[in-house]
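I have a structure I would like to understand better, so I am pasting it below and will then ask my questions one at a time.
The values are calculated or read from the model by the stated rules, or taken from the named source; none is laboratory data. If you're wondering where the values come from, they're calculated on a predicted model, not measured in any experiment. Virtual Cβ from ideal backbone geometry, glycine too; neighbours counted across all protein chains shown.
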Amino acid sequence: MKIGIDKIGFFAPHMYIDMVNLAEARGDDPLKYTKGIGQDEMAVNPVTQDTVTMAANAALQLIDETDREKIDFVIFGTETGIDHSKAGAVYVNSLLGLKKNVRAIETKQACYGATAAIQLGRGHIALNPDSKVLVLASDIARYGLATPGEVTQGAGAVAILLSKDPKIMTIEQESTYQTDDIMDFWRPVYSDVAIVDGKYSNDKYIEFFADVWSAYKEKTNRDFSDFEAICFHLPYTRMGEKALKPHLESMSEDVASRLESNYKISTTYNRLVGNIYTGSLYLSLLSLLENQTDLKAGARIGLYSYGSGSVGEFFTGILEEGFREHLNTANHKELLANRKEVTVAEYETEFLKELPTDGSSIEYDEESDPATIYLSGIKDHMRQYKNKKS
Ligand code: HMG
């Protein structure tokens with residue numbers, strides 16, 4: 001049975017900053033940000049968007065009445081969830097008006113959480129072929145103002161509907177993965193910003209790719225020539241390129257140039273949004289599918305997932321006949337084009353806004369956020385969410 005991606009969509013908050021402005025404000029050469037790091041813009045999330053609302057907004061555009069009937073598992077991959085106990089999936093289930101006979105859970109392992117969710121979802125469909133599984137990947141990447149990691153922040157969510165006989169991409173059975181207990185990036189429970197050993201994290205990302213790729217090659221006898229493109233987890237858009245580079249000399253010129261050129265296309269949306277942790281790999285896949293106009297059905301796409309700490313996985317998908325007709329390309333381009341640019345000072349103000357943590361209440365104005373689903377306030381330690389359309 002074929003199992004894979006039937007629908008895929010994303011959401012990014014309505015504000016962004018231009019990286020040239022950020023570089024100038026930090027006294028850096030703008031080329032370091034746009035070329036060295038490879039980021040042109042960075043999403044800025046208002047206080048009215050958290051990981052729950054972003055995931056719900058991403059899923060809202062995907063789900064129709066048949067899906068509502070068939071979804072019986074909602075898996076929320078995040079490392080910046082809103083509660084230590086309750087899963088974001090439970091809130092999204094209710095905000096989307098999905099039925100109650102659903103399993104709803106959260107998965108966590110840094111940026112790997114959504115890949116774990118996809119693999120769990122595949123297993124669920126293998127056992128329950130008529131089910132559909134909603135996978136959500138939603139995060140707000142925060143390192144702190146004027147830190148080296150600041151240029152690699154971002155916010156956004158990807159929603160993926162998994163089913164049998166998928167319309168976009170079948171996920172193949174073979175995959176290789178590995179875990180190693182290292183401290184390259186982590187966020188202690190008392191901190192709202194990540195702690196990172198930047199250079200070490202880059203090295204580990206590259207090393208993990210080499211390891212899972214080599215295991216995949218051995219397991220399947222496939223080579224780079226079997227791939228039309230390889231999408232990478234993109235904490236910033238130069239990162240995948242650094243992992244691919246050491247392997248280029250083992251490929252023919254044609255294969256190297258195809259993978260390099262498709263890699264570039266696979267960074268299109270990520271360059272404008274920044275790191276969205278669990279969703280970054282899938283935003284890269286969307287960038288490729290919606291911007292590479294020569295992709296054909298039957299093409300094999302590689303997917304490299306890396307979550308610091310660390311877990312890495314290499315797996316693959318095959319594009320389905322007519323996949324392009326089932327993408328939401330125009331809406332995604334419009335969402336990005338309609339965002340509002342903010343100044344560095346406005347971004348800093350948003351960054352420093354905090355929700356009450358002492359039980360006091362707050363209400364937010366719905367006019368300040370154009371998104372359909374938003375955080376309308378906090379009352380008695382409970383987040384209040386609103387769907388403007390219900
Ligand atoms: P940095 O030390 O400020 O930057 O931090 P740099 O000095 O390494 O420079 C970056 C690049 O810009 C270099 O290119 C420079 O040469 C170039 P490279 O040599 O690497 O090819 N550069 C310039 N280029 C053109 N003109 C100029 C110029 N100046 C310099 N004038 C770092 C960079 C990524 C380390 C930092 O931003 C950071 O710590 N970020 C967060 C950690 C991170 O993103 N790690 C990635 C791997 S780990 C991962 O992916 C997991 C993660 O998503 C978390 C999770 O799993 O949950 C992070």
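Which of the residues belonging to the range 54-78 are at pLDDT 95 or above, more than 18 Å from SER131 (Cβ to Cβ) and in contact with a strand residue (DSSP E or B) (Cβ under 6 Å, 6 or more places away or on another chain)?
Residues satisfying the conditions are MET54, ALA55, ALA56, ASN57, ALA58, GLY77, THR78.
Moving on to the next point. Mind listing whichever residues of the range 103-141 are in contact with a His (Cβ under 9 Å, 6 or more places away or on another chain) and more than 16 Å from the ligand (Cβ to nearest atom)? It would help to see each step written out before you state the result.
As a first pass, look at the range 103-141 and keep what is in contact with a His (Cβ under 9 Å, 6 or more places away or on another chain): 103, 111-112, 115, 131, 133.
Selection gives ARG103, SER131, VAL133.
A follow-up question, please. Taking ILE160, is it more than 13 Å from the ligand (Cβ to nearest atom) and touching a strand residue (DSSP E or B) at 6+ places or on another chain (Cβ under 9 Å)? First the steps, then the outcome.
Details: more than 13 Å from the ligand (Cβ to nearest atom): yes; touching a strand residue (DSSP E or B) at 6+ places or on another chain (Cβ under 9 Å): yes.
Yes: the conditions hold for ILE160.
Mind telling me which of the residues ALA117, ALA110 ends up being more than 21 Å from THR66 (Cβ to Cβ), free of Cβ contacts under 8 Å to residues at least 60 places away in the same chain and in contact with a Ser or Thr (Cβ under 6 Å, 6 or more places away or on another chain)? Write out each step before concluding.
On the way: ALA110 fails: free of Cβ contacts under 8 Å to residues at least 60 places away in the same chain.
Unique residue meeting the criteria: ALA117.
How many residues does the range 173-216 hold that are part of a helix (DSSP H, G or I) and either more than 13 Å from TYR306 (Cβ to Cβ) or aromatic (Phe, Trp, Tyr) (or both)? Don't jump to the end; show me each part of the working.
If we filter the range 173-216 for residues that are part of a helix (DSSP H, G or I), which is where we start, we get 198-216.
Add one more test, that the residue is either more than 13 Å from TYR306 (Cβ to Cβ) or aromatic (Phe, Trp, Tyr) (or both), and what stays is 198-200, 205, 208-209, 213-216.
Matching residues across the range 173-216 total 10.
Quick one: ALA137 ticks every box in (1) in contact with an Asp or Glu (Cβ under 9 Å, 6 or more places away or on another chain); (2) not in a helix (DSSP H, G or I) bar one, so which box is it?
(1)
Of the residues that make up the range 148-160, is at least one in contact with a helix residue (DSSP H, G or I) (Cβ under 9 Å, 6 or more places away or on another chain), surrounded by fewer than 24 Cβ atoms within 10 Å (Cβ to Cβ) and more than 20 Å from GLY240 (Cα to Cα)?
No, the range 148-160 has no match at all.
On to the next question. Looking only at residues in the range 217-241 that are out of contact with any Phe, Trp or Tyr (no Cβ under 8 Å at 6 or more places or on another chain) and part of a helix (DSSP H, G or I), which one is nearest to the ligand (Cβ to nearest atom)?
If we take residues in the range 217-241 being out of contact with any Phe, Trp or Tyr (no Cβ under 8 Å at 6 or more places or on another chain) and part of a helix (DSSP H, G or I), then ARG238 is nearest to the ligand (Cβ to nearest atom).
A further question on this structure: Only residues that are touching an Asp or Glu at 6+ places or on another chain (Cβ under 9 Å) and aliphatic (A, V, I, L, M): list them for the range 257-287, please. Full working, then the answer.
Restricting attention to the range 257-287, the residues satisfying the condition of being touching an Asp or Glu at 6+ places or on another chain (Cβ under 9 Å) are 258-260, 262-264, 267-269, 271-280.
Scanning the range 257-287 gives LEU259, LEU272, VAL273, ILE276.
Would you mind telling me which numbered condition in (1) closer than 15 Å to ILE140 by Cβ; (2) free of Cβ contacts under 8 Å to residues at least 24 places away in the same chain VAL90 fails?
All conditions pass for VAL90, except number (1).
Still on this structure, please answer the following. Quick check: is even one residue across the range 238-254 under 30 Å from ASN338 (Cα atoms) and surrounded by fewer than 24 Cβ atoms within 10 Å (Cβ to Cβ)? Write out each step before concluding.
If we filter the range 238-254 for residues that are under 30 Å from ASN338 (Cα atoms), which is where we start, we get 238-241.
Now narrow it down to the ones that are surrounded by fewer than 24 Cβ atoms within 10 Å (Cβ to Cβ): 238, 241.
Within the range 238-254 (the criterion being under 30 Å from ASN338 (Cα atoms) and surrounded by fewer than 24 Cβ atoms within 10 Å (Cβ to Cβ)), the answer is yes, since at least one residue qualifies.
Next question. Across the range 207-221, what is the number of residues that are surrounded by fewer than 17 Cβ atoms within 10 Å (Cβ to Cβ) and touching a Lys or Arg at 6+ places or on another chain (Cβ under 8 Å)?
Result for the range 207-221: 0.
Then there's this: Tell me, which helices (runs of 4 or more DSSP H) lie completely within the range 246-352 with 2 or more residues that are within 16 Å of the ligand (Cβ to nearest atom)? So that I can check it myself, show each step before the final result.
Numbers: elements: 253-265, 270-273, 280-291, 329-337, 344-352.
Here the list reads 253-265, 270-273, 280-291.
Just for the range 175-216: of the residues that are β-branched (Val, Ile, Thr) and within 16 Å of the ligand (Cβ to nearest atom), which one is nearest to SER261 (Cα to Cα)?
Ranking the candidates gives ILE206 first.
Given the structure, is SER376 assigned to a loop (DSSP other than H, G, I, E, B) and touching a residue at least 12 places away in the same chain (Cβ under 8 Å)? Full working, then the answer.
Numbers: assigned to a loop (DSSP other than H, G, I, E, B): no; touching a residue at least 12 places away in the same chain (Cβ under 8 Å): yes.
So SER376 does not fit the description; no.
Right, another one. May I ask you to list the residues in the range 125-134 that are buried (at least 19 other Cβ atoms within 10 Å of the Cβ) and part of a helix (DSSP H, G or I)?
If the condition is that a residue be buried (at least 19 other Cβ atoms within 10 Å of the Cβ) and part of a helix (DSSP H, G or I), then ILE125 is the only one that fits.
Every residue in the range 161-195 that is in contact (Cβ under 8 Å) with a residue 60 or more places away in the chain, under 25 Å from ILE82 (Cα atoms) and either under 20 Å from the mean Cα position of the chain (by Cα) or crowded, with 18+ Cβ neighbours inside 10 Å (or both), please.
LEU161, LEU162, ASP184, PHE185, TRP186, ARG187, listed by residue number.
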